[in-house]
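Here the structure comes first, spelled out in structure tokens, and everything after it is commentary.
The values are calculated or read from the model by the stated rules, or taken from the named source; none is laboratory data. Everything numeric here is computed off the predicted structure, so don't read it as measured data. Here the Cβ positions follow ideal geometry from the backbone for every residue, glycine too, while neighbour counts run over all protein chains shown. Heads up: the accessible areas ignore ligands, DNA and RNA and are worked out on the full protein's heavy atoms, side chains in. Shrake-Rupley method; radii C 1.70, N 1.55, O 1.52, S 1.80 Å.
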Amino acid sequence: MAVCARLCGVGQSRRCRRRQRNNQPDQGSDSDMDEEDGERIVGQRRGDAGSCGGPERVVATAGPSDACEYGSGHVNRGGCRDRTSRGPPHPQSLLELPPELLVEIFSLLPGTVLPNVALVCKKFRQILNTETIWRRRCVEEFGMKEDLRKMEAGGVCSQDLYVKLLYPYRHILGLWQPDIGPYGGLLNVVVDGLFIIGWMYLPPHDPRVEDPMRRRPLFRIHLWESKKATVECMYGHKGPHKGDIQTVKKDEFSTKCNQTDHHRMPGGRQEEFRTWLEEEWGRTLEEIFHEHMQELILMKFIYTSQYDNCLTYRRIYLPPTMPSDLLQPGLFKGTYGSHGLEIVMFSFHGTSARATKLTGDPNVPAGQLTLDVDLSRPVVLPELEQQRNIDELSRLVLGIHEVVQREAEQQAGGASATVGHTAEGACGGATAMEADHDACSDSCLPGPSTSSNNPSETQPFVLPLGVMARNEVYPRTCRKCFYGTGLIAGHGFTSPERTPGLFVLFDDDRFGFIWLELKSFSLYSRLTDHLAHAHAPNLERFEAMLRNMQSWTS
């Protein structure tokens, strides 16, 4: 039982010497004895007279040869333990442990198993009413700290908070993408005091890409005085009203507003549009002079407002981090011309880096792979004056693009090749491969000004003349550049194609992409908000999520 005492945290164990079967003095070490005791320290007995109400219980077993005195410092070597000797008796089950020790043990258990512990016996059920246990579960599983003190001061106990709010709705915490056609979105469900709140994350107003994200509450769940969880819709401008949340299937849930009249405004759709435009773009329609942009904005309002906050959400995860990553992966906000700012998920996959849209537009919808960067094909920029020449940049990037296409064609041809190829044909193929290698070398060779291999060093950077940038305040130095492709398409995601461009890494929190065919520049800045409950359980789940995202919005 000395081992059991130490495992349960009763206190420091004293030396426990076992009486040998042949009544000889002890010769084994403490570690040897502990190991032997540990082999039979836990057993199951069904239907014991002293059981605490369950069909079976876990007890510590000890045979006659294991008799010892715990806590007294005396050993009875002549036979069984003297019942008149000093020292506490050995606890034979968890039921015999003092209540304060049981509170400590139960506090270490996950909250999901505590209801089963309460079914064991009356004593366990009474101990599980201790606030310390549930307060610890709220802190360790849901990150609540200061909120608990305010909550308890208001008369709400930690057990009610955990059992009636946090545990039933734990499956909706984290990041989600709403099913809003091509526009997508980013929802973060968090615990905030007595509330669980679903915040819709909105990019900053165009083109201020480095401004913090904006948040809008879409729903909340909280405890009323009756200690019952209540769902409320937060959409509209008339305050909270009745709503509902339904779990469709694993990693998916839906929201429903039961009072959509609260979304309407006295001035009708025109007032609703003006209010939405001010929140979405930070300006009036008259201040947006570009006619095409006006059409896109009006189209988005009509499309998104028809849902009335009755949406389906699918779980998304933050990308995992590896030591070899060029920069920390995560969420970034970037400029997309007339479509404004959009949110992308930047992740690494072997020798490639990819940006997947979380918010999209009618041309390239959310869920699609907007950028694909080949990290095995760096581009060394020329002198600063030559960087201003779009033709010079095009020569560098398109040279690599042609090599990539030829290699892809050769791989496709090699897969369908037959054994009947002649030696001359094989030699010709080798010559072609050498020519491709030379072309790639010419494109990737440093120009007159080269950068050091030290990744912490930077080199001057400037956009070529004629390349349009929504945000003129971009960094004037960069660390590295790589060949990559960007996805472009017509309205309605028609005729999608990948077009070559230049990926520019500025620092740990910013990168850019030059779309050569569009003569446009997108600047991306990291989303720095703390996002809890958002990490993928493993790499396979994250990869599967990325594959599913394309099917959600295609």
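Per-residue extension of 0.36 nm, minus the Cα-Cα distance of R406 and S305, leaves a gain of 31.6 nm for this segment.
Stretching the chain fully between K228 and S338 yields a gain of 34.9 nm (0.36 nm per residue, less the alpha carbon separation). Here region 205-314 is treated with +1 on each Lys and Arg Cβ and -1 on each Asp and Glu Cβ, and its dipole about the Cα centre works out to around 740 debye. P(r) for region 91-206, please, calculated from all Cα pair distances in 5 Å bins and given in %. The calculated distribution, bin by bin, is 2, 10, 18, 18, 14, 11, 9, 7, 5, 3, 2, 1, 1, 0. For the peptides 390-402, 268-280, the ranking by mean Cβ contacts within 10 Å, running from highest to lowest, is 390-402, 268-280. Using every pair of distinct Cα positions in region 182-228, the Kirkwood expression returns a hydrodynamic radius of 12.5 angstrom.
Coupling constants for region 190-197 follow from the phi torsions by the Karplus curve (6.51 cos²θ - 1.76 cosθ + 1.60, θ = phi - 60°), and in residue order they are 9, 8, 9, x, 7, 10, 10, 10 Hz; glycine and proline get x. The H on the amide N of H241, modeled in the peptide plane, is under 5 Å from the matching H of C233, each at least 5 residues off or on a different chain. The residues packed around D206, meaning those with a beta-carbon under 14 Å from its beta-carbon, carry a net charge of -3 if Lys and Arg are +1 and Asp and Glu are -1.
Rolling a 1.4 Å probe over the protein heavy atoms gives region 262-364 an accessible area of 44 Å² per residue.
At an R0 of 51 angstrom, the distance between the Cβ atoms of D211 and N116 translates into a FRET efficiency of 0.55. In this structure the amide hydrogen of Q368, modeled in the peptide plane, comes within under 5 Å of the amide hydrogens of K357, none closer than 5 places in sequence on its chain.
A Förster distance of 30 Å, applied to the separation of the beta-carbon atoms of K242 and K145, puts the FRET efficiency at 0.45.
Length gain on complete extension for the stretch A532 to T499, per 0.36 nm per residue less the alpha carbon to alpha carbon distance? Contour length minus Cα-Cα distance gives 8.3 nm. Under 5 Å between amide hydrogens, built in the peptide plane, is the criterion, and for K480 it picks out L505 among residues at least 5 positions away or on other chains. A simple count of charges around M549, restricted to other residues whose Cβ falls under 9 Å of its Cβ and scoring Lys, Arg +1 and Asp, Glu -1, yields +3. Each label was represented as a point 7 Å from its Cα along the Cα-to-Cβ direction; for K250 and E385 these points are 6.4 nm apart.
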